[in-house]
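What follows is calculated from the coordinates using simple rules that are stated; it is not laboratory data. Predicted, not measured: the structure shown is a model, and the values here were computed from it. In this analysis, Cβ positions are derived from the backbone assuming ideal geometry, glycine residues included, and neighbour counts consider all displayed protein chains.
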Amino acid sequence: MTDLIPGPASVRDVPAAGPYVLGEETLLEARPGTEGVARWLRATVGAATGLPLAPGVPLAPGEDGGGRVVLSVDPAVGRELGPEGYRIAVDGRVLRIGGGSAAGVFWGAQTLRQLLGPEAFRRAPVTGKREWAVPACAVEDAPRFRWRGVLLDVARHFLPKDGVLRYLDLLAAHKLNVLHLHLTDDQGWRIEILRHPRLTEAGAWRSRTKLGHRASPLWDERPHGGYYTQDDIREIVAYAAERHITVVPEIDIPGHSQAAVAAYPELGNSDVVDTAALTVWDTWGVSPNVLAPSDAVLAFYEGVLTEVLALFPSPFVHIGGDECPKDQWKASPAAQARIRELGLAGEDELQSWFVRHFDRWLAERGRRLVGWDEILEGGLAEGATVSSWRGYAGGIAAARAGHDVVMCPEQQVYLDHRQAAGTDEPVPIGYVRTLEDVYRFEPVPPGLGEAAARVLGAQANLWSEVTENQQRLDYQAFPRLAAFAETVWSHLPAPAERDYPAFERRMTAHYARLDALGVDYRPPGGPRPWQRRPGVLGRPIEGAPPIV
């Protein structure tokens with residue numbers, strides 16, 4: 001009962017009631033609104049235990065309700081704990097999960113899976129036992145934040161569809177509810193756009209790839225690429241929805257766009273660079289090849305986003321807006337003419353003009369724009385939500401200005417950064433951020449006052465320059481993603497007061513769950529031999545600067 005992750009708000013043993021035992025005769029009663037949770041329980045817990053969990057019809061008043069698991073949407077739970085809150089009540093006869101909504105019931109079902117033990121995380125029975133005991137208890141829980149997110153960068157290194165579906169399961173197991181898909185960048189375009197087929201015919205493939213940091217002399221000379229068809233995206237979104245996860249798409253505008261310009265040269269600043277000679281970028285960093293500030297480019301991306309909106313029901317759409325070099329605009333007569341025509345003060349405001357245009361365009365269609373904190377430069381677009389990545393400062397400024405914020409400071413929750421200072425860490429880039437460091441991450445900086453209500457939550461980002469496959473992604477994400485999940489779900493004390501030794505003890509049980517799930521995590525003692533990447537250059541930074 002003490003090894004749940006993320007830690008619940010309240011757990012109380014009820015020893016006098018005795019454990020509840022799931023067996024061959026156990027019925028699963030799904031009351032209205034919980035049918036999807038019942039399907040998930042049969043497909044996962046049912047598969048792992050070998051139990052049928054047959055449907056149980058609702059009982060008439062006075063009937064004996066023993067021998068069943070009851071799922072229900074409970075308005076009282078919703079009023080008291082919110083839509084994602086849940087209560088579990090276990091005694092020797094009935095196991096009840098009530099949630100403020102279907103999502104709350106689902107998070108309660110995830111807790112039940114943990115209560116059953118690590119074998120419940122496998123895809124088929126391994127123990128041969130036909131009865132599974134759940135200790136008599138009462139659990140009450142609800143999340144601290146409504147945005148509990150993870151970014152997967154599938155643009156730098158493509159993650160095949162099955163890998164994305166697997167990561168949705170891993171997010172759900174940790175009660176994380178937002179998957180931010182970084183679909184386009186200089187190094188690749190990963191989503192099929194029917195009206196612009198060359199975005200994937202040409203933009204989804206590069207001829208070779210830099211191995212390690214961009215200063216590395218090593219190359220992987222194999223072509224790399226891939227993309228999701230529109231049916232793939234529909235499947236991903238539907239699979240996520242069954243797990244109460246929102247998929248937020250990101251289409252980068254106006255920087256990080258070399259793959260798009262390589263596919264359609266007219267999108268670039270062709271008056272200052274030979275855009276027809278550009279190819280999908282094969283190295284890392286920030287490409288100087290950005291979008292031209294023309295009406296034709298706006299119309300092109302409106303077409304792209306029209307198809308994106310049809311695929312993603314998410315209320316939020318991310319347009320990047322970060323790391324947009326201005327050199328080409330400064331040199332471009334066409335860009336300078338546009339600045340004069342619009343009465344802008346310079347190139348920073350030209351970038352803001354791009355963002356504002358799509359902020360209005362999305363708002364007219366009932367969606368909300370999200371962008372990295374560079375969208376603050378040149379004036380913040382009305383209605384925009386800020387992903388604060390360069391530290392807390394952008395998020396603080398945005399929140400005080402009345403804008404919603406998702407905190408994802410690179411100094412704290414960029415999980416592609418190294419986990420220890422040792423030379424054995426594979427491709428050691430960025431700041432050293434240990435499991436304890438992530439556990440002490442606080443999404444709301446002190447001193448925000450009433451503006452703290454503007455912090456929707458936080459997000460851990462998994463950029464993929466040096467995480468080229470699922471095994472590397474697992475290593476960088478876990479176990480730190482478990483610590484992050486607790487910081488955004490649980491109502492923890494201030495960072496210095498958090499009981500990290502107790503969390504470490506709970507992680508002992510959680511490692512067994514990750515083993516059962518087949519996650520190639522970093523062990524507490526350091527990387528296993530096959531997890532190291534000797535000779536592949538990283539970018540060590542000895543000390544992190546103050547977080548501002």
Exercise. Mind checking which helices in the chain clear 15 Å along their axis (Cα) and have mean Kyte-Doolittle hydropathy of -1.0 or more, DSSP H runs only?
Worked result: 102-115, 161-173, 230-242, 295-311, 347-363, 500-517
For this session: Would you list, by chain and number, the lysines whose Cα falls below 16 Å from the Cα of LYS330, excluding same-chain residues fewer than 8 positions away?
Result: none
For this session: Taking the Cβ of each residue in SER464, SER207 as the centre, tally the other Cβ atoms inside 10 Å and list the residues starting with the fewest.
Result: SER207, SER464
Problem set entry | Ranked by how many other beta carbons lie within 10 Å on average, peptides 290-302, 405-417 from highest | 405-417, 290-302
For this session: Count neighbours as other Cβ atoms within 10 Å of each site's Cβ, and list the GluC sites (Glu not before Pro) in region 189-248 that are DSSP loop with at most 15 such neighbours.
Result: GLU221
Exercise. Which FRET efficiency value, to the nearest 0.05, do you get for ARG368 and ALA496 by plugging their Cβ-Cβ distance into 1/(1 + (r/R0)^6) with R0 = 51 Å?
Worked result: 0.90
Exercise. Counting each DSSP H run of 4 or more residues in the chain as -39500 (n - 2.57), what helix-only mean residue ellipticity at 222 nm follows after dividing by all residues, to the nearest 500 deg cm²/dmol?
Worked result: -9000 deg cm²/dmol
Problem set entry | Amide H contacts under 5 Å for GLY268, placed H, 5+ residues apart | ALA292
For this session: Just need the relative contact order of the chain here, percent rounded to a whole number, with Cα pairs under 8 Å and 6+ apart.
Result: 15 percent
For this session: Starting at the first residue of region 440-452, write each ³J(HN,Hα) from the Karplus equation 6.51 cos²θ - 1.76 cosθ + 1.60 with θ = phi - 60°, in whole Hz, x for Gly and Pro.
Result: 8, 5, 10, x, 9, x, x, x, 6, x, 5, 5, 4
